[in-house]
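Asks: Can you keep this structure in mind? I'll have questions shortly.
The values are calculated or read from the model by the stated rules, or taken from the named source; none is laboratory data. These numbers come from a predicted model, not from an experiment. When we count neighbours, we look across all protein chains shown, and the Cβ atoms used for this are built from the backbone with ideal geometry, even at glycine. Areas reflect the complete protein model, heavy atoms only, side chains present, ligands, DNA and RNA absent. Shrake-Rupley method; radii C 1.70, N 1.55, O 1.52, S 1.80 Å.
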Amino acid sequence: MTRISRVETFLVAPRWLFVRIETESGIVGWGEATCEGRSETVRAAVEQLSELVIGADALRIEDHWQVMTKGSFYRGGPILASAVSGIDQALWDISGKRFGVPVHQLLGGPVRDRIRVYGWVGGDEPEEVADHIREQVEAGLTAVKMNASGRMSPLATVRELDGVVRRVAAAREVLGDDRDVAVDFHGRFNLATAKRVAPLLEPYHPMFLEEPVLPENSHLIADFVRSTTTPVSTGERLYSRQEFLPVLTAGIAVAQPDVSHAGGITETRKIAALAETFDVQLAPHCPLGPLALAACLQVGFATPNHLIQEQSIGIHYNEGAEVLDYLLDTKPLSFVDGHIERFTGPGLGIEIDEAAVRAADRKGHAWRGPIWRHPDGSFAEW
């Protein structure tokens, strides 16, 4: 039987929330419901949503998704969507294990044999950026992503603008012409500053410019798209097809839903299909744990318009645990010529070290994002 008997959650370092679902027949599925800085809140939401699935058939994934997302008068938002995401991933994992196939086979079968991945690089100065990129290149990656800046003034100074350009220039010098750099504005720029910066970066040919305006200001992104020839991306803080539609019509080139924030595998696939009708590529957001990464990759193996996959193996800000620490076998997430090879194992394709997860949960975590302020004491976007 694939009737659901138990739903558990685990707060594990450095900042993740794992979901474990068990069926009466003993099949176990795993998912990731991490919502950075709010995972304890999501944990409570998963517990509440579990009332809707315990005792039900785990294989009715679409029906569960419909009920979880629409079964309350008040809907949407990152907390609920992240809770749904973790449960949804675990249900797909169970389904794949039940039929003995990887999830991408259930999504229509593979359209590619490997997925190109990129890694994050830190560094406040050009020299530090260059060193961090060399490390990623030595690890076998052919693409990286970097923040455009740290804290930005409401209207950038000449020094701030120059700092952005110098750091991206340093990245391009290390990467050469055969590797890529994506530049993340991280919602730190207002529209006026973003429009000033974008043309200055065009000589360095970024793969894309990410989140040039805050997601609540999606109505402004068309103006930014018109200001640059560089591809524009956004989506890590958009949680449904309905929220993606305005930015797709605005002309973005790359959609970046997060499979742990945007309704799981079920909704991410639908966002990808919607994006395909706008000739937009998919590059899922994923600076998270191994389950989120595996879920993203399963989507990518079966999605024609998938471009590249973010991953956080070795990321500069993970403290207390690494992506590979909770796996029994790390080989599926190995880099081969800047790619991850298509999974062949059932379900999400990775094996979780349950003992390590349970031990980590006993310590837990209370990760919070930093609070930044401008020199005058007012709030600054992180």
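Asks: Please check: in the Gaussian network model of the chain (C-alpha springs, under 10 Å), which one of Asn305, Asn217, Asn147 has the largest mean-square fluctuation.
Replies: Among Asn305, Asn217, Asn147, the largest GNM mean-square fluctuation belongs to Asn217.
Asks: Scale the Cα Rg of region 281-340 by the rule-of-thumb value 2.2 N^0.38 Å and send over the ratio, two decimals.
Replies: Numbers: Rg = 11.7 Å, N = 60, 2.2 N^0.38 = 10.4 Å.
Normalised by 2.2 N^0.38 Å, the Cα Rg of region 281-340 equals 1.12.
Asks: Name the most mobile residue of Leu52, Leu11, Leu327, meaning the one with the largest mean-square fluctuation, in a Gaussian network model of the chain with Cα contacts below 10 Å.
Replies: Result for the chain, Cα springs under 10 Å: Leu52 fluctuates most.
Asks: Please determine, in degrees from 0 to 90 and to the nearest 10, the orientation of helix 158-175 with respect to the longest principal axis defined by the Cα atoms of the chain, where the helix direction is its Cα long axis.
Replies: Computed tilt is about 70 degrees.
Asks: Between region 25-46 and region 353-367, what is the separation of their alpha carbon centroids in Å?
Replies: 13
Asks: May I ask for the angle, rounded to the nearest 10°, between helix 78-99 and the longest principal axis of the chain, with both axes built from Cα atoms and the value confined to 0 to 90°?
Replies: Helix 78-99 sits at roughly 50 degrees to that axis.
Asks: Shifting gears a bit: Can you figure out the FRET efficiency of Phe73 with Glu319, using R₀ = 51 Å and their beta-carbon distance, to the nearest 0.05?
Replies: Once rounded, the FRET efficiency stands at 0.80.
Asks: Compute the distance from the alpha-carbon center of region 80-153 to that of region 288-329, in whole Å.
Replies: If you average the Cα positions of each part, the centres end up 4 Å apart.
Asks: Still on this model: How long is the gain from Leu161 to Asp223 if the chain were fully straight, where each residue apart is worth 0.36 nm and the alpha carbon distance is subtracted?
Replies: Details: separation 62, 0.36 × 62 = 22.32 nm, distance 1.98 nm.
Gain on stretching Leu161 to Asp223: 20.3 nm.
Asks: Quick check: the angle from helix 126-138's long axis to the longest principal axis of the chain, C-alpha only, nearest 10 degrees?
Replies: Roughly 40 degrees between the two axes.
Asks: Taking region 36-95 as the region of interest, what is the percent of Cα-Cα pairs per 5 angstrom bin, listed from the shortest bin to the one with the maximum distance?
Replies: Calculated over all Cα pairs of region 36-95, the distribution is 4, 19, 33, 26, 14, 5, 0 percent.
Asks: Summing -39500 (n - 2.57) over the DSSP H runs of n ≥ 4 in the chain and dividing by its residue number, what mean residue ellipticity at 222 nm do you reach, to the nearest 500 deg cm²/dmol?
Replies: Values: 12 runs with 144 residues, N = 382.
When only DSSP H runs of four or more count, the value is -11500 deg cm²/dmol.
Asks: Give the percent of DSSP beta bridges with both residues in the chain that are antiparallel, rounded to the nearest 5.
Replies: Working: 21 of 43 bridges.
If I count the DSSP bridges inside the chain, around 50 percent turn out antiparallel.
Asks: If you don't mind, there's one more thing I want to ask. Summarise the accessible area of region 1-126 (1.4 Å probe, protein heavy atoms) by the percent that is carbon and sulfur. Present the calculation step by step, with values, prior to reporting the outcome.
Replies: On the way: 2430 of 5050 Å².
Its accessible area is 48 percent carbon and sulfur atoms.
Asks: Provide the packing ranking of 181-187, 83-89, i.e. peptides ordered by the mean count of other C-beta atoms within 10 Å per residue, highest first. Working shown, then result.
Replies: Details: 181-187: 22.6, 83-89: 31.1.
Ranked from most to least packed, the peptides come out as 83-89, 181-187.
Asks: Could you tell me what percent of the accessible area of region 284-382 is made up of carbon and sulfur, with a 1.4 Å probe and every protein chain present? Display every interim value, and only then the final one.
Replies: Numbers: 2260 of 4350 Å².
For region 284-382, the apolar C and S fraction of the accessible surface comes to 52 percent.
Asks: Given (1) 21.0, 61; (2) 42.8, 133; (3) 20.2, 65 as candidate values of Rg and Dmax of the Cα atoms in Å, which corresponds to the one derived from the coordinates?
Replies: Structure-derived value, by its label: (3).
Asks: Stokes-Einstein diffusion coefficient for region 278-380 at 20 °C in a medium of 1.002 mPa s, Rh from the Kirkwood formula over Cα pairs: what value in µm²/s?
Replies: Details: Rh = 16.0 Å.
In µm²/s, the coefficient is 134.
Asks: Mind checking the dipole of region 198-261: about its Cα centre, +1 per Lys or Arg Cβ, -1 per Asp or Glu Cβ, Debye to the nearest 20?
Replies: Values: 3 positive and 8 negative charges, 33 e Å.
Here region 198-261 has a charge dipole of around 160 debye.
Asks: Okay, next question. Can you tell which of His219, His339, His365 shows the greatest fluctuation in a Gaussian network model of the chain with Cα springs below 10 Å?
Replies: His219
Asks: Suppose each label sits 7 Å from its Cα in the direction of the beta carbon; what would the Lys363-Trp382 distance come out to in nanometres?
Replies: Between Lys363 and Trp382, the simple spin-label model gives 2.1 nm.
Asks: On to the next question. Counting DSSP beta bridges in region 189-342, what percent are antiparallel, to the nearest 5?
Replies: In region 189-342, approximately 10 percent of DSSP beta bridges are antiparallel ones.
Asks: So how far apart, in nm, are the two label points at Ala356 and Glu173 if each is 7 Å from Cα heading toward Cβ?
Replies: Between Ala356 and Glu173, the label points sit 3.9 nm apart.
Asks: Hey, can you find the accessible area per residue of region 257-382 for me, probe 1.4 Å, expressed in square angstrom?
Replies: Values: 5070 Å² over 126 residues.
Using a 1.4 Å probe on heavy atoms only, each residue of region 257-382 averages 40 Å².
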